[in-house]
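As structure tokens, the structure follows; a few thoughts come after it.
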Amino acid sequence: MEFELSEEHRMLKELVHRFVQDELMPLEAGVLQREAEGKGAYLLPADMARIDEVSKNLGLWGLDAPSDVGGFDLPMVAMVGVEEEIGYSVTPYTLPPDSPNLRMLMATVNERQREAYLAPYVAGQTVSAIGISEPGAGGDPAGMITRAERDGEDWVLNGRKIWISRADHADFTITMAVTNKEKGARGGISAFLIDRETPGFNVLRKIPMIGGQATYEIALEDCRVPGWKLLGTEGQGFAPMQIRLGTRRIQMAAWSIGMAQRALDMICEYAPQRVTFGQPLSERQAIQWWVADAATRIHAARLMTYDCAWKLDQGRDVRLEISMIKAYATEMAWEVIDHAMQCYGAMGMTKELPLQLMASKIRTMRIYDGPTEVHKWVVARNLFGAKR
Ligand SMILES: Cc1cc2nc3c(=O)[nH]c(=O)nc-3n(C[C@H](O)[C@H](O)[C@H](O)COP(=O)(O)OP(=O)(O)OC[C@H]3O[C@@H](n4cnc5c(N)ncnc54)[C@H](O)[C@@H]3O)c2cc1C
């Protein structure tokens, strides 16, 4: 049994560590300030352009993309190391291309779509979004009602999508819709590539979320999509969508480890310095147990996440592990960050420290890509042997 990353993947993790320390951490003050002013937690275009250039020159683009479209074909274990490091900073930055939609595209594109969508996406020339959730179907996407109907060579979509990240500026949104009502999630849901400017693809409103984030509501009104933009096989959209969700969930577990590690590092830095009632906080058992529990649970989450990624790389079915780590790692990070905020007292309540932004971020992560309770339900249902 091998518990270490390979030399190559360890060096990559170290490179991303340095990128985060040198490039992302110095931008945090500006992100925190903009968020505190109610403008949202975002990077200025000039900063974004500069760090894009730096990360590209470091060879950090297309890490897990196929080599025939310019990627490095790295396995999921390597990506866990990368995302752990990225999770350490609250500066919002994704190394292009974002892995979840990448992996969904990799599993589905035909030659034409590979050239028109996958290749520019891997090259970092386009941004994508995913449209699954609807007002009546979020945690249970099988309940979606957005319809896609054939009309000659085209498809015509009608329905509503909500909570869609990046929908306002994404070049294309992978949109899930029902193509056979009777079959539903078992052969009746398909995926479509919809470009931002497509008539009938209407971004209705921006919805401000906690932590300076935003999502969007979309109305699909007789939205006509050419037949070749059906992604994958008609009716078989649910399985590649699960690949996409699974990738994000592993990524989220890795981010959670990075965030929890940051919160723990902050406690370890502050507790020995802060004296109350004649003793440093680090001498108090309450704080010592927070630190010990955090270190133990981060270690557990890390082992579980690498185990899951490794099994996935071996081609094994990891649906159960993915639900376990998505629920465990996000809840773990939530608690560690909360303890760090408590340890810092009033300072932990300010918008000057990154802790509150980390708390808001992880709070949303306990919901999106499946709420904690749904993942625990999946695990329990599996143990009870129940079939849906
Ligand atoms: C910041 C953010 C970004 C998002 N981005 C996207 C995006 O880009 N694209 C997209 O399609 N969607 C996106 N979403 C939507 C997200 O995936 C859904 O919100 C999520 O799946 C939950 O769906 P829901 O909000 O409808 O909650 P519901 O499904 O209504 O669930 C509400 C609550 O009920 C409980 N619950 C539900 N089912 C069960 C069960 N079986 N057992 C026990 N308890 C249960 C849970 O506590 C859950 O939190 C985003 C959400 C957020 C917060």
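Data overview
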| quantity | calculated |
| --- | --- |
| Filter result (part of a loop (DSSP other than H, G, I, E, B) and either of a type outside the set (A, V, I, L, M) or on the phi > 0 side of the Ramachandran plot (or both)) within region 167-194 | Asp168, His169, Asp171, Thr179, Asn180, Lys181, Glu182, Lys183, Gly184, Arg186, Gly187, Gly188 |
| Test for Arg147: is it among the charged types (D, E, K, R) and either in contact (Cβ under 8 Å) with a residue 40 or more places away in the chain or within 12 Å of the ligand (Cβ to nearest atom) (or both) | no |
| Unmet requirement for Ser67, which otherwise passes all of (1) modelled with pLDDT under 95; (2) touching a Leu at 6+ places or on another chain (Cβ under 9 Å) | (2) |
| Filter pass, Pro66 being assigned by TED's automatic domain parsing to the domain that holds Gln21, surrounded by 14 or more Cβ atoms within 10 Å (Cβ to Cβ) and of a type outside the set (A, V, I, L, M) | yes |
| Filtered residues of region 150-161 (kept if within 13 Å of the ligand (Cβ to nearest atom) and surrounded by fewer than 21 Cβ atoms within 10 Å (Cβ to Cβ)) | Arg160 |
| Residue count for region 31-46, restricted to those that are part of a helix (DSSP H, G or I) and crowded, with 18+ Cβ neighbours inside 10 Å | 3 |
| Verdict on Gly385 being more than 16 Å from the ligand (Cβ to nearest atom), more than 17 Å from the chain's Cα centre (by Cα) and at pLDDT 95 or above | no |
| Positions within region 336-384 being part of a loop (DSSP other than H, G, I, E, B), within 20 Å of Glu37 (Cα to Cα) and charged (D, E, K, R), in sequence order | Lys351, Glu352 |
| Ile164 vs. criteria within 19 Å of the chain's Cα centre (by Cα) and among the aliphatic types (A, V, I, L, M) | yes |
| Sole exception among (1) within 16 Å of the ligand (Cβ to nearest atom); (2) more than 29 Å from Arg248 (Cβ to Cβ) for Val275, by number | (1) |
| Residue pairs meeting the criteria (Cβ under 8 Å; at least 6 apart or on separate chains; first touching a residue at least 24 places away in the same chain (Cβ under 8 Å) and among the acidic types (Asp, Glu), in region 304-316; second surrounded by 16 or more Cβ atoms within 10 Å (Cβ to Cβ) and in a helix (DSSP H, G or I)) | Asp313/Met76; Asp313/Val77 |
| Whichever residue in region 354-372 is in contact (Cβ under 8 Å) with a residue 12 or more places away in the chain and hydrophobic (A, V, I, L, M, F, W, C) and, among such residues, is nearest to the ligand (Cβ to nearest atom) | Met365 |
| Hits in region 332-362 - residues which are in contact with a helix residue (DSSP H, G or I) (Cβ under 6 Å, 6 or more places away or on another chain) and surrounded by fewer than 16 Cβ atoms within 10 Å (Cβ to Cβ) | Lys351 |
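Matching residues to (1) crowded, with 18+ Cβ neighbours inside 10 Å; (2) modelled with pLDDT of 95 or more:
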residue: Tyr117; (1), (2): yes, yes
residue: Pro120; (1), (2): no, yes
residue: Ala170; (1), (2): yes, yes
residue: Gly184; (1), (2): no, no
residue: Leu193; (1), (2): yes, yes
residue: Phe201; (1), (2): yes, yes
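The values are calculated or read from the model by the stated rules, or taken from the named source; none is laboratory data. None of these values were measured; they are calculated from a predicted model. For neighbour counting, all protein chains shown are included, and Cβ atoms are generated from backbone atoms with ideal geometry for every residue, glycine included.
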